[in-house]
Amino acid sequence: MADKRYETLKIENIVASGVIADSIDLVMVSKKIPSCEQAKRNRGWRSISPDKAIEQIQKVVDELKPYSIALADACFGIKPKWRKEFLRKLAEKNFDLWFSIETHPDLLDEEDVQLLSDLKVEVQFGLESGSPTMLEIMHKVNNPLRYLEHFEEISCLLSSRKVMHRANLI
């Protein structure tokens, strides 16, 4: 019998792959992962329901018993109502493991930070650069300066709530 830590578990719309250190490197909570810019323009990001997402995570936990799960959705929770409901339900489940999410700082607000503080979570931001000029060249966002200012605000809020987070830079 294969070591479950290295198996791939297929559950409906998600795929969870076990990796070294009993960590799950991929759990999708949407049916299609477009670029974040496409998703922001509401072109393609279709979530499964928060209840269904929690059910899927529970199946992964039951089958693979991971230490951590990364929610592999580059613009996690682009729809605020969905995101807040999902974070509430995730906290209610009280899983004894770490979660990692990747999102854009401009998607989060103070309520999200409060909800995240109830979880064992690492929030990753695909910031890419701290330079407004470079972000403009990259066509990362429409207003690079506001984007960076909002990142700073959200980062300070996350730090004040002791939520682990980081900015990914290239």
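Key figures for this structure:
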quantity	calculated
Residue satisfying all of: in the stretch 134-170; among the β-branched types (Val, Ile, Thr) and open to solvent by 100 Å² or more (accessible area, probe 1.4 Å); modelled with the lowest pLDDT among these	170
Residue within the stretch 48-55 that is of a type in the set (Gly, Ala, Ser), outside any strand (DSSP E or B) and surrounded by fewer than 21 Cβ atoms within 10 Å (Cβ to Cβ) present	yes
Residue within the stretch 97-108 that is of a type in the set (Phe, Trp, Tyr) and open to solvent by 60 Å² or more (accessible area, probe 1.4 Å) present	yes
Matching residues in the stretch 118-170 - criterion: being touching a helix residue (DSSP H, G or I) at 6+ places or on another chain (Cβ under 6 Å), farther than 15 Å from residue 101 by Cα and not in a helix (DSSP H, G or I)	129, 141, 161
Where residue 121 falls short, out of the listed (1) buried (at least 20 other Cβ atoms within 10 Å of the Cβ); (2) over 15 Å from the mean Cα position of the chain (by Cα)	(2)
In the stretch 55-89, the residues that are hydrophobic (A, V, I, L, M, F, W, C) and out of contact with any strand residue (DSSP E or B) (no Cβ under 7 Å at 6 or more places or on another chain)	61, 78, 86, 87
Set 41, 88: member being open to solvent by 50 Å² or more (accessible area, probe 1.4 Å) and at pLDDT 90 or above	88
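The values are calculated or read from the model by the stated rules, or taken from the named source; none is laboratory data. Since we're looking at a predicted model, the values are computed, not measured. As a convention, Cβ positions derive from the backbone with ideal geometry for all residues, glycine included, and neighbour counts pool all protein chains shown. Surface areas here come from the heavy atoms of the whole protein model, side chains and all, with no ligands, DNA or RNA. Shrake-Rupley method; radii C 1.70, N 1.55, O 1.52, S 1.80 Å.
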